[in-house]
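Here's the structure we're looking at; comments come further down.
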Amino acid sequence: MRPLRWKVLAAAVAVSAMVGWGGSALALRGGASPMLVPWTTLIVGVVLGGVVLAAGWAVRQVRLGRRRMDPTRAVRTAVLGQASAYAGALLAGVYGGYALTLLPYWAHAPRREAAIAAGLAALGGAVMLVAGVIAERWCRIGPDDDDDEGNDVAEAGVAH
């Protein structure tokens, strides 16, 4: 299993932001009304981020010798962290791009509300992204390798 790479996560945010921005710009130019993203999207992102951090914290406690854990659970937690990071990157990008599309229409109340809701949803995605990166780092064993090559790093007991 390879560690998360910040360049891949940044590319996921950038590409999904372009898709969110471009798709919503085309839809709005075509006469579609802005979609109001539910405010619960932020809450779901924060709760999922908290769950991922809690699972990662349990693995970190194992690494520090304070607990025992099945190695399979540790590997699953590392995978959960990576999945959260990638999903959060995509959500933050898409909703952020959508919010950017609506910013020029800030004077119109319905579009301003949609922009705020999309911005909050993007924040929820960012929370998932950060929580996933932290949890995945907590699941690493072996020497840290900050150059993102990951050749000698074993994560959650699995060698590359």
Can you report the number of residues in the range 55-82 which are part of a helix (DSSP H, G or I), over 23 Å from the mean Cα position of the chain (by Cα) and among the aliphatic types (A, V, I, L, M)? 1
Out of (1) farther than 24 Å from A10 by Cβ; (2) aliphatic (A, V, I, L, M); (3) more than 18 Å from the chain's Cα centre (by Cα), the odd one out for A25 is which? (1)
How many of the residues in the range 105-119 are farther than 16 Å from A17 by Cβ and in a helix (DSSP H, G or I)? 9
Sort out which residues of the range 1-52 are at pLDDT 95 or above and among the charged types (D, E, K, R), and write them in order of number. K7
Test V19 against the stated conditions and say whether it is in contact with a Gly (Cβ under 8 Å, 6 or more places away or on another chain), within 14 Å of L100 (Cα to Cα) and either of a type in the set (D, E, K, R) or surrounded by 14 or more Cβ atoms within 10 Å (Cβ to Cβ) (or both). yes
Going by the structure shown, is V46 among the aliphatic types (A, V, I, L, M) and under 13 Å from L91 (Cα atoms)? yes
Looking only at residues in the range 120-154 that are more than 19 Å from the chain's Cα centre (by Cα) and within 19 Å of K7 (Cβ to Cβ), which one is modelled with the highest pLDDT? D144
From the residues in the range 22-54 that are assigned to a helix (DSSP H, G or I), touching a residue at least 12 places away in the same chain (Cβ under 8 Å) and of a type in the set (S, T, N, Q), which one is surrounded by the fewest Cβ atoms within 10 Å (Cβ to Cβ)? T41
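The values are calculated or read from the model by the stated rules, or taken from the named source; none is laboratory data. Just so we're clear, the structure is a prediction, and the values are computed from it rather than from any experiment. Because the Cβ atoms are built from the backbone with ideal geometry, glycine has one as well, and the counts that use them run over all protein chains shown.
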